[in-house]
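The values are calculated or read from the model by the stated rules, or taken from the named source; none is laboratory data. Being a predicted model, the structure only gives us computed values, none of them experimental. Neighbour counts are summed over all protein chains in view; Cβ atoms, including those assigned to glycine, are modelled from backbone coordinates with ideal geometry. Side chains included, ligands, DNA and RNA excluded: accessible areas come from the protein's heavy atoms. Shrake-Rupley method; radii C 1.70, N 1.55, O 1.52, S 1.80 Å.
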Amino acid sequence: MPTERFQFTGSEGDQLAAALDLPEHEPAAYALFAHCFTCGKDVLAARRIAVALAAKGIAVLRFDFTGLGSSEGDFANATFSSNVADLVRAADHLRETRKGPAILIGHSLGGAAILAAAEQIPDAKAVVTIAAPSDPAHVTGLFKDRIEDIREQGKVEVSLAGRPFQIKREFLDDIAEHGLMAHVMKLHKALLIMHAPTDDTVGIDNATRIFVAAKHPKSFVSLAGADHLLTGKRDAAYVAEVIAAWATRYFDPVGPEQVVDPGEGPRNVVVRETRTSKFQQTISAGPHRMLADEPIAAGGEDTGPGPYDFVLAGLGACTSMTMRLYADRKSLPLERVTVRLKHSKIHAEDCADCETRVGMLDQIERIITIEGALDAEQRKKLMEIADKCPVHRTLTSEIHIVTHAAD
């Protein structure tokens, strides 16, 4: 996916490094992402979620807070309040250069910061927290054995995730003053809370407190099996899938330029490498966005269906649609069609109906379940119709593929 990298001026005048992950076409919406404490915009969870959302048509702005990553300033001078102010500035910059963020996403302490900043970002219609604490002061548990030293000395170096950071007394004082639940109670935006029940960094009870304090519309999704930092590739992909599906209720997912005229001919399908992993691809078909990948066993990351999965899906969907059209036209009591498909390679000599007698052949096994009060003759006719779906005919006829280099 295309990523624009730039800087914008933070609340304290420092230049903050940012990355805007963009879809292939005009974004359906913009999102602002706040990373976890002492992390950065390029931490695995933030990058993977942003890229996956971009593949779904949602542009995502992520940036390094003061003194982190490539941003200017001294981390020791940053506070929770300054992080909140920087999020508001990031939203302002997005509004001035593109469009205000309709979605706010925060991971860990970034989730708390997003909740505190949301009321100052009028464009936002939906807010998402991932493993967020219900009280920003929760973060002090990461260096609880040094709190007294910080209060006495004013500034102390602590080790967080194996890296040294300077923490000031001002940080402790500032974070203690934030009553986050007051912000949650007057959020007046749709809220999605995502949390792992076994999170041993920020306990699940934090999600409970946020959920209880929030007004509807609010939703909770359990990230069963995930760790706090979402280091599992599939966990980050799942988070992005859920956010993309949930958020569409709160904004128009298709811009005017993406609307497909029903009178148009066949629309183009565009497939492009994301370059975030070995095989991952984005697929654009009109207003629709999908990811394609290979299974982990084949060297991919399993972030989307594989090429043959899409072939089988096309045949299965066409089969079911064709049977539905026939049943409706003949007023048959067909309730539901389910098509299960499997692709494999077989020896040509094992296929009695095949013209090819030597070597290996591709075989697609298709099992169709027909539900409804149909008699034997009606079921037989529907099974015959299944073989007449356009995709079935395409796959079993001669196909002429013309390939040429783009100009």
Order these peptides, 384-393, 207-216, 366-375, by their mean beta-carbon neighbour count within 10 angstrom, highest first. 207-216, 384-393, 366-375
Tell me which lysines have Cα within less than 17 Å of Lys155's Cα, excluding those fewer than 8 residues away on the same chain? Lys144, Lys168
Read-out Kirkwood radius over Cα pairs in Å, derived from the coordinates shown; its label in (1) 21.1; (2) 24.2; (3) 22.1: (2)
Taking the C-alpha atoms of segment 290-407, convex hull volume expressed per residue in Å³: 187 Å³
When the accessible area of the chain is split by element with a 1.4 Å probe, what percent falls to carbon and sulfur? 52 percent
Taking the Cα centre of segment 346-407 as the origin, how large is its charge dipole in debye, to the nearest 20, when only Lys and Arg (+1) and Asp and Glu (-1) carry charge on their Cβ atoms? 200 debye
Using all Cα-Cα distances in segment 106-231, what percent lands in each 5 angstrom bin from 0 up to the longest? 2, 11, 20, 21, 17, 14, 10, 5, 1, 0
Flagged links, alpha-carbon separation over 19 Å, of Lys125/Lys186; Lys186/Lys218; Lys41/Lys215; Lys125/Lys233; Lys342/Lys381: Lys41/Lys215; Lys125/Lys233; Lys342/Lys381
Can you order the peptides 293-306, 19-32 by their average number of other Cβ atoms within 10 Å per residue, highest first? 19-32, 293-306
Using a Gaussian network model on the chain with a 10 Å cutoff between Cα atoms, which of Arg324, Arg95, Arg249 fluctuates the most? Arg324
Theoretical ellipticity at 222 nm over the chain - DSSP helices of four or more residues, -39500 (n - 2.57) apiece, nearest 500: -9500 deg cm²/dmol
Please work out the average accessible area per residue across segment 45-188, using the 1.4 Å probe convention, and give it in Å². 38 Å²
Please build a GNM for the chain, connecting alpha carbons under 10 Å apart, and tell me which residue among Thr129, Thr66, Thr231 fluctuates the most. Thr231
Residue with peak Gaussian network fluctuation, the chain [Cα springs, cutoff 10 Å], from Gly40, Gly225, Gly162: Gly162
Dipole axis of the chain (+1 Lys, Arg; -1 Asp, Glu on Cβ), positive-most option in Val84, Phe65, His392: His392
